[in-house]
Amino acid sequence: MTHPSTHLSILNAMVWSGTQESSIKRDIFIQDGVFVDEPSTNSVNVDGTGLTLIPGLIEAHAHLCFNAGADWRTVYDNDTPSRMLLRMVENGQKMLRSGITTVRDLGAPTELAVTLRDAIETGVTRGPSLIVAGAPVTPTGGHCYFMGGEADGELGVRVAVRERVKARTDWIKVMASGGNMTPGTNVERAQYSINEMRAIVDEAHRLGTSVTAHAHGVEGIRHALAGGVDMLEHCSFQTPNGSEPVQDVISDIVSSKTIVSPTIVGALSQQKGTERYTRRAGLTKQLVESGARILMSTDCGIPNTPHEDLSYALEVMQDMSELSALDTLRLATSTSAELLDLNDRGRIETGYRGDLLALGADPTKDLSALRDIKYVISAGNLVAR
């Protein structure tokens with residue numbers, strides 16, 4: 001829940017803007033939901049002594065309609081639309097309380113996703129700012145077919161894109177490979193031909209929207225790249241033995257400037273020291289060192305990945321990539337905002353959306369500080385914890 005918007009002045013805090021190389025002591029002013037240069041005459045003063053302020057976190061791959069449990073499919077199949085919408089509201093509010101002020105939901109029934117996004121935006125309910133894709137475009141019986149997004153053939157996938165644009169989704173998501181959560185699909189094989197992928201991207205770009213592709217195995221990644229997608233989800237180069245990156249494909253990712261959303265989850269820390277962890281870490285480091293455009297994402301909502309997982313996942317990302325804490329944090333703030341074309345957020349700077357976390361320690365030095373939350377502000381509203 002949030003309180004009505006007010007004019008705030010947070011004084012004497014350490015502030016990391018999202019782009020600086022370190023935190024500095026300064027005062028922060030928020031008016032009408034955005035950061036401003038000067039306090040207003042009716043500003044409420046808050047003592048920030050001992051606090052570190054950072055931009056609100058951005059989760060680039062979430063599923064608000066899932067319950068993060070082993071019984072996810074039973075729960076999903078037995079939910080009525082009304083109950084599922086309530087579940088999505090609850091999960092969004094959990095994320096907001098954990099400091100995630102922007103969420104990109106990449107898989108839910110289209111009508112529910114759009115309804116919740118609009119309800120939050122207009123103040124009907126509370127939650128993080130949502131960017132939604134609705135039901136992913138997938139072949140008949142393909143990965144996540146149960147969300148209602150089945151489409152086949154070049155004409156069929158063009159129609160599917162048009163339907164989502166008509167429904168006012170923000171992104172188009174396509175299932176370029178099979179998925180681990182849909183029995184009968186194969187994560188190592190492409191679900192769509194290159195021509196079908198090109199049809200999806202062509203139609204989306206013609207209508208002014210972007211395409212992200214769920215792609216685990218190398219064949220699905222190749223087809224997605226050949227189709228011209230804007231972003232790859234997972235991009236795990238998955239095989240039965242774990243991640244096995246292919247250098248020419250990574251080179252294509254870099255040269256095409258295709259964004260990678262790697263869906264790193266906190267539970268991977270439990271696998272540290274195993275061959276599977278080592279392989280995934282090697283892939284992650286290779287993508288970073290090759291110059292791939294990467295943002296931070298988790299796939300939260302799937303089994304063993306709570307909706308508040310981002311802070312734990314960032315620690316895994318730092319370990320795998322060998323980036324500094326500060327550079328890792330950028331992936332979930334300023335870099336994520338830039339790559340998602342969210343030019344109004346991700347930084348504590350004048351004119352930007354007033355999203356921030358007030359923390360008891362500095363996460364640019366130690367990412368575990370992200371869980372020492374004193375309060376969260378979303379578009380100038382103080383979030384009740």
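Assorted remarks:
- Test: G134 is touching a Lys or Arg at 6+ places or on another chain (Cβ under 6 Å), assigned to a loop (DSSP other than H, G, I, E, B) and within 26 Å of T80 (Cα to Cα): yes
- When residues of the range 83-123 are limited to those that are among the polar types (S, T, N, Q) and either surrounded by fewer than 19 Cβ atoms within 10 Å (Cβ to Cβ) or in contact with a Phe, Trp or Tyr (Cβ under 6 Å, 6 or more places away or on another chain) (or both), the one nearest to M231 (Cα to Cα): T115
- The one condition in (1) assigned to a loop (DSSP other than H, G, I, E, B); (2) crowded, with 23+ Cβ neighbours inside 10 Å; (3) polar (S, T, N, Q) that T350 fails to fulfil: (2)
- Residue in the range 244-251 that is over 28 Å from V165 (Cα atoms), among the small types (G, A, S) and either modelled with pLDDT of 95 or more or in the same structural domain as A313 (by TED's automatic domain parsing) (or both) present: yes
- Among the criteria (1) over 23 Å from A384 (Cα atoms); (2) in contact with a strand residue (DSSP E or B) (Cβ under 8 Å, 6 or more places away or on another chain); (3) assigned by TED's automatic domain parsing to the domain that holds H143; (4) of a type in the set (A, V, I, L, M), the one I24 does not fulfil is (3).
- A Cβ distance below 8 Å, combined with a sequence gap of six or more or placement on separate chains, defines the contacts here; from the range 314-335, residues that are of a type in the set (G, A, S) and buried (at least 23 other Cβ atoms within 10 Å of the Cβ) reach residues that are assigned to a helix (DSSP H, G or I) and modelled with pLDDT of 95 or more in the pairs A332/L310; A332/L314.
- Residue check: D248 meets all listed conditions (1) over 21 Å from L106 (Cα atoms); (2) touching a residue at least 12 places away in the same chain (Cβ under 8 Å); (3) not β-branched (V, I, T) but one, namely (2).
- Once the range 140-171 is narrowed to residues that are within 24 Å of the chain's Cα centre (by Cα) and of a type in the set (D, E, K, R), the residue that is nearest to H214 (Cα to Cα) is E150.
- Enumeration of residues in the range 358-385 that are surrounded by fewer than 21 Cβ atoms within 10 Å (Cβ to Cβ) and of a type in the set (S, T, Y): S368, Y375
- For the range 191-229, filtered to residues that are in a loop (DSSP other than H, G, I, E, B) and out of contact with any Lys or Arg (no Cβ under 9 Å at 6 or more places or on another chain), the residue that is surrounded by the fewest Cβ atoms within 10 Å (Cβ to Cβ) is G208.
- Considering residues of the range 108-131 that are aliphatic (A, V, I, L, M) and in a helix (DSSP H, G or I) only, the residue nearest to D355 (Cα to Cα): I120
- Criterion applied to R73, R97 was being in contact (Cβ under 8 Å) with a residue 24 or more places away in the chain and in contact with a Lys or Arg (Cβ under 6 Å, 6 or more places away or on another chain), and the one residue passing it is R97.
- Taken over the range 107-139, the criterion of being among the acidic types (D, E) and closer than 22 Å to R345 by Cα is satisfied by D118, E121.
- Flag if I100 is touching a Pro at 6+ places or on another chain (Cβ under 9 Å), among the hydrophobic types (A, V, I, L, M, F, W, C) and over 26 Å from G179 (Cβ atoms): no
- Test result for S261, buried (at least 21 other Cβ atoms within 10 Å of the Cβ) and either modelled with pLDDT under 95 or touching an Asp or Glu at 6+ places or on another chain (Cβ under 6 Å) (or both): yes
- Check on E188, surrounded by fewer than 24 Cβ atoms within 10 Å (Cβ to Cβ) and in a helix (DSSP H, G or I): no
- On inspection, D355 does not qualify as touching a Cys at 6+ places or on another chain (Cβ under 6 Å) and buried (at least 21 other Cβ atoms within 10 Å of the Cβ).
- Screening T80, T49 for residues that are under 18 Å from I377 (Cα atoms), more than 23 Å from the chain's Cα centre (by Cα) and hydroxyl-bearing (S, T, Y) leaves exactly one candidate, T49.
- Residue check for G301: under 27 Å from N67 (Cβ atoms), modelled with pLDDT of 95 or more and either out of contact with any Asp or Glu (no Cβ under 8 Å at 6 or more places or on another chain) or surrounded by fewer than 16 Cβ atoms within 10 Å (Cβ to Cβ) (or both): yes
The values are calculated or read from the model by the stated rules, or taken from the named source; none is laboratory data. Fair warning: this is a prediction, and the values are worked out from it, not measured in the lab. When we count neighbours, we look across all protein chains shown, and the Cβ atoms used for this are built from the backbone with ideal geometry, even at glycine.
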